[in-house]
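Below is one structure, written out as structure tokens, with a few remarks after it.
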Amino acid sequence: MASSARRKTNCSKCNKAAGIFTCRGCEKDFCYRHVAEHRQELNKHMEELTNNHDLFVQTIAEQEANPNCHPSIEKINTWEQKSIKKIHQAAKDAREELLKNLRGHRTQVANNLQQITEELNKARSEDDYVETDLNEWKEKLEKLRTDLAATQMLDLSQDEDARTLIPKIFVHKSSTDIFNRTLNDIQILEDGNLAVHGQTQQYAIVRGKNEYSSGQHRLYFQLERYQNMGGIFCGVVSKTMSVETLQDILNKLDLYEQNYGRRAFQNFYSANSTISDRIKQVSDHNYNDGYYNQTSTDSKFIPVCLTASVFMNKKNNKVELLINCDAKTICLTNEQTQQKQNCAVELNICPLPWQICFIAYSANDRIRISELNSVDNEQATLPARRRGIQPKKDRINRADELENNYME
Ligand SMILES: [Zn+2]
Ligand SMILES: [Zn+2]
């Protein structure tokens, strides 16, 4: 304490030097009176955290108790009712059509029969017929009989394309996004969960289906195969960005790769340059077609994070893309190394809604959209006290632990 006083360390609350304690948590200094206050603040935060945690547990329990409360259940029910209605209507239409056909056919046969009936009656009353007449009527009757029998053979056929009557409903296996649009040599596979670059060395883009216009969204990707050439860019693109503009950007990136690619491989800065940097380098100074802001050096053609070789240092790496529409930022995190890349999004260049996008260069690069992140893996790397809130019976111990963080 004496040494603290000599160094003139004052309480961060009241600025007095007496009885100074240092909190290991926030590394601030407090006097005897305010150390207690600080402890109370911590307790209060702990209480809030605990309440939030308990509410969250409750939310999960409620969802478990009422699994049918999901908004999509309502959609499935509506689809079911509509489909049943459609089937009833289609069956009714088919029955009516069949009966109408049968009726028409029967009427035709009956009319023809009536003709024979009259001939028979006339011949019988006048007693005017010979063998050939009898044979003729017999043949006519036989023909009518087969005509009538033909209606029994009236068959149905079904439209092989099930979508024409009822489009099948299905649930996306994961709650995350799927790829659904491409430009240049990249292919979407496995119901939109996988994007695979073709055999060429050429920039190609794959875009997601979902549109993000508010809130925060966390997505996980796995680079199943990735070569250290040209880089892979991961980020968002405005839904409004035209195919022509995207094609132009890809062409310019190709041009950059042709001109500077080899140099970029050895130049750390260049290897990490953004899409904007690269396009700027290959564009002449008068280049301006609306999506490149000459006055701003950090303008983003497409707000993407660069997953350069230094960032993606291992194969099969998992990355998290945090899309924050409210803060107008995106952040890419390497799940393994926890390296992060932040990128501000300029709304005038990349207006909402956004869609996820990957821009890949190398042949056979594979990008997979992953399911939710596994919590177990994360816990293993976190120190014990960061693993979350302890069960209720341990809360006293936890408070002790907090107290032990104070030192003189
Ligand atoms: Zn503190
Ligand atoms: Zn104080």
*Carbon and sulfur %, accessible surface of segment 71-164 computed with the full protein complex present, 1.4 Å*: 53 percent
_Cα-based equivalent ellipsoid, segment 1-144: semi-axes from gyration tensor eigenvalues, Å_ = 109, 11, 9
_Bins of 10 Å from zero: percent of alpha-carbon pairs in segment 175-226_ = 22, 51, 23, 3
*Using 17 Å as the cut-off for backbone N distance, which residues of segment 78-120 belong to the label zone defined by a point 7 Å from the Cα of Met153 along Cα→Cβ?*
102, 105-106, 109
_Ranked by how many other beta carbons lie within 10 Å on average, peptides 322-335, 142-155, 346-359 from highest_ = 346-359, 322-335, 142-155
*asked:* When the expected Rg is taken as 2.2 N^0.38 Å, what fraction or multiple of it is the alpha-carbon Rg of segment 71-164?
replied: 1.94
*For segment 71-164, accessible area per residue (1.4 Å probe, heavy atoms of protein chains only), Å²*: 88 Å²
*Label points 7 Å out from Cα along the Cβ direction at Asn342 and Lys209: separation in nm?*
3.3 nm
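The values are calculated or read from the model by the stated rules, or taken from the named source; none is laboratory data. Everything numeric here is computed off the predicted structure, so don't read it as measured data. Positions of Cβ are backbone-derived with ideal geometry, glycine not excepted, and every protein chain shown enters the neighbour counts. For accessibility, only protein heavy atoms count, side chains too; no ligands or nucleic acids. Shrake-Rupley method; radii C 1.70, N 1.55, O 1.52, S 1.80 Å.
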